[in-house]
Amino acid sequence: MAHLIDGKQFAAKLREKMTGQIASIKADHNIVPGLAVVLVGEDPASQVYVRSKGKQAKECGITSIEHKLEDTTSQEFLLNLINEMNNDPAINGILVQLPLPKHIDSAKVLEAIDPAKDVDGFHPINVGMLSTGGKGMVPCTPLGSLMMLQDYHGDLTGMTAVVVGRSNIVGKPMFNLLLQQSCTVTMAHSRTKNIEDVVRAADIVVAAVGVPELVKGDWIKPGATVIDVGINRIQLEDGKTKLVGDVHFESAQKVAGAITPVPGGVGPMTIACLLYNTMVAACRHNNVELPAA
Ligand code: NAD
């Protein structure tokens, strides 16, 4: 049976380390990192995410500001708010919770955020920085996935990796992060031929497709490490629902060397990395070194 990579425990350890680092930035430099989260509309899942982001930020010593706006909010109002926050030295991270209502151009809004405060790492400048090896902001879910891989394997140099799914928020940045770690990376997607064989060639498999249990055990190379980014709610025969990943956990755990569960794998790392990015941004804005953990 595969070793279970416990994302919940790893995220808790990361938050504990950050709490110490943030306390020491405050003690030594009188800096308190600030995170502003903007939520437009009443999407229930987004409300849950925003609440836990705010709660965990406060627990780590980060000031958290929430802007809850009506779903009729105009794009102009939102852009003005972002401009104000870009110019507010107390705010180091700005996150606009997606999805936005249809009358708002999400790309325009994300591009209005100061790249140095773009803690989601979605701004085109940060996307470019990641692919050229610059010092930008890295998207939270791929960053959390990489941290778990490095914690488990140490150096990833020379390993073969397959990323399944080529989205801008997970697949593509994950590809670039693994490349930066000197893995030999293949990007598989919905048009990939013989995808099972492509996946079976990899020491590391990262699945981010949004298709419940797509990656089966017999797609996995024996001993490979599997990071399951997927979060899918499926309906069971008895009418209840259940969260599953993009990997068929039952069969994959019999073949893999290590695997992340769903829930409790990548999910908890995403918020922890948002706080990590906010702390890093606060240090960069104030020209101070990130204290050792
Ligand atoms: P997306 O829909 O933007 O992209 C999915 C990608 O998968 C596309 O590139 C598509 O080509 C590929 N794909 C679709 N069907 C495929 C198939 N049959 N075979 C191979 N490739 C296929 O999705 P996303 O935003 O990257 O999210 C992917 C999954 O990760 C979802 O389940 C989402 O809920 C989850 N997610 C989790 C977190 C987290 O915090 N853990 C964060 C973001 C996304």
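Some notes on this structure:
- Cα-only radius of gyration and Dmax that characterise the stretch 204-278, units Å: 13.2, 43
- Per residue, the stretch 45-164 exposes an accessible area of 47 Å² to a 1.4 Å probe, with every protein chain left in place.
- For the stretch 204-231 versus the stretch 90-120, the spacing of their alpha-carbon centroids is 30 Å.
- Dipole of the stretch 29-115, positive direction: furthest Cα of Cys60, Ala90, Pro33, with charges on the beta-carbon: Cys60
- Cysteines without a disulfide-compatible neighbour (Cβ-Cβ under 4.7 Å), the chain: Cys60, Cys183, Cys283
- Just the protein heavy atoms count here, and of the accessible area of the stretch 143-219 at 1.4 Å, carbon and sulfur take up 49 percent.
- Protein accessible area in the stretch 29-115, 1.4 Å probe - carbon and sulfur %: 51 percent
- Looking at the chain, the DSSP beta bridges with both ends there are about 10 percent antiparallel.
- Contact order relative to length of the stretch 29-115, as percent, for alpha carbon pairs under 8 angstrom and 6 or more apart: 41 percent
- Helix-derived mean residue ellipticity, 222 nm - over the chain, DSSP H n ≥ 4, -39500 (n - 2.57), to 500: -13000 deg cm²/dmol
- Cα-based reach from Lys240 at 20 Å (exclusive), listing aspartates and glutamates while leaving out same-chain residues under 8 positions away: Glu213, Glu250
- Distance (nanometres) between label positions extended 7 Å along Cα→Cβ at Glu76 and His3: 5.8 nm
- Beta bridge orientation in the stretch 148-293: antiparallel %, DSSP, nearest 5: 20 percent
- Each part reduced to its alpha carbon centroid, the stretch 240-293 and the stretch 139-176 end up 11 Å apart.
- Segment Asp105-Thr241, extension gain: residue separation times 0.36 nm, minus the distance between their alpha carbons: 45.7 nm
- Over the chain, volume per residue of the alpha carbon convex hull, in Å³: 137 Å³
- Beyond 25 Å in Cα-Cα separation lie the following of the pairs Lys8/Lys193; Lys17/Lys53; Lys53/Lys242; Lys172/Lys254; Lys13/Lys53: Lys8/Lys193; Lys172/Lys254.
- Over the chain, relative contact order from alpha-carbon pairs under 8 Å, at least 6 apart, %: 22 percent
- Ala201 paired with Lys68, simple spin-label distance in nm, labels 7 Å along Cα-to-beta-carbon: 5.0 nm
- The GNM of the chain, with springs linking C-alpha atoms under 10 angstrom apart, assigns the highest mean-square fluctuation among Pro222, Pro261, Pro124 to Pro124.
- Computed over the alpha-carbon atoms, the stretch 24-161 gives an Rg to Rh ratio of 1.00, Rh here being the Kirkwood radius from the mean inverse distance.
- Across the stretch 285-290, coupling constants 3J(HN,Hα) worked out from phi with the 6.51/-1.76/1.60 Karplus curve, θ = phi - 60°, read 4, 9, 6, 10, 5, 5 Hz, and Gly and Pro carry x.
The values are calculated or read from the model by the stated rules, or taken from the named source; none is laboratory data. A quick note: this is a predicted structure, and the numbers were derived from the prediction, not measured. In this analysis, Cβ positions are derived from the backbone assuming ideal geometry, glycine residues included, and neighbour counts consider all displayed protein chains. We work out accessible area using only protein heavy atoms, side chains counted, and drop any ligands, DNA or RNA first. Shrake-Rupley method; radii C 1.70, N 1.55, O 1.52, S 1.80 Å.
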